[in-house]
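Reading through the structure tokens given below for one structure.
Only the coordinates and a few stated rules stand behind these numbers; no lab work does. Just so it is clear, the model here is predicted, and its values are computed rather than measured.
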Amino acid sequence: MELALLAIAVGVGVGLVVGALGAGGGILAVPVLVFLLAQDPHSATASSLIIVLVTALFSIPHHARNGNVNWREGLVFAGVSVVGAVAGSRLSVLVDPQLLLVLFGSMLVAVAVLMAVRGVRGRRQENLERAAHGTSEADQPLLTHDDPVLDAPGPDTVIAADGTHTHHGKPADHSAGPGSRRLPVVIVAATLTGFLTGFFGVGGGFIVVPMLVIALGLAMRRASGTSLLVMIVATVVSLLARIGTHVSIDWTVTLLFAAGSAVGGMLGGPLSAKARPSTLTLIFATLLGGVAAVTLGTTLLG
């Protein structure tokens, strides 16, 4: 009973962070499952996949209703990620548990640095956008339905004076799939996303979102919604790939954690209503840095 209550409590806590910061639940769930809920690393990565899947399933309807899920390109990206997901899942169960945690902690450090860089760049872009619109932070809310930063097209898409969208200097065909748009980059990014999902039990949103923005020219808001579709496919495949391995899942703890995370996510969303996206990104980077320090310190020194 105590373990069940703890699972719910920490699930709500992780959900609050995910909802408020827009962070990926899996990247926080694994260390929590290992160090607070006493799961072994292999079981924790498998349980994390379920938590990521539940979170994405609860989150995607809202984005879909608002037209922020690009189904065609998202499904193509997700389909390519399947190969990496299967390979990552099969390889993960063969790695020593301590080494798995060290690799996970190292990944946290890398992601924290990338997020910090993205946060700094995002802050500069926000300042430029608001200066161009003649508004200040005190004059307008930063996360509204029409946000100049979140709704701006990706860096490879340009809106001309007549409103025409061009991609790499050519008219953008929004009905086309990603086959004509940096296909090698998309294949590598999708495969890597699938591998990280299967190997570490994370959703891979920290890779999917920027790649959908850069390689496909999607706006940040649309890329965030589409990334949930990719996560759903990648996590399902990663779980299926673990069938027949020695990894076991504590379903009671995992489902209670996932339920708590879903509730926390709904409560945490409104907390970010008036925060700058760049501020949330920098807070997330700091949080990841702290989790990485605890993970590596406990694993290497404990």
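General remarks:
- In the frame of its principal axes, the range 1-127 has Cα extents of 42, 34, 30 Å, reported largest first.
- Radius of gyration (Cα atoms) of the range 95-135, expressed as a multiple of 2.2 N^0.38 Å: 1.93.
- Backbone HN-Hα couplings from phi across the range 64-72 [Karplus 6.51/-1.76/1.60, Hz, Gly and Pro as x]: 5, 4, 8, x, 9, 10, 8, 5, 5
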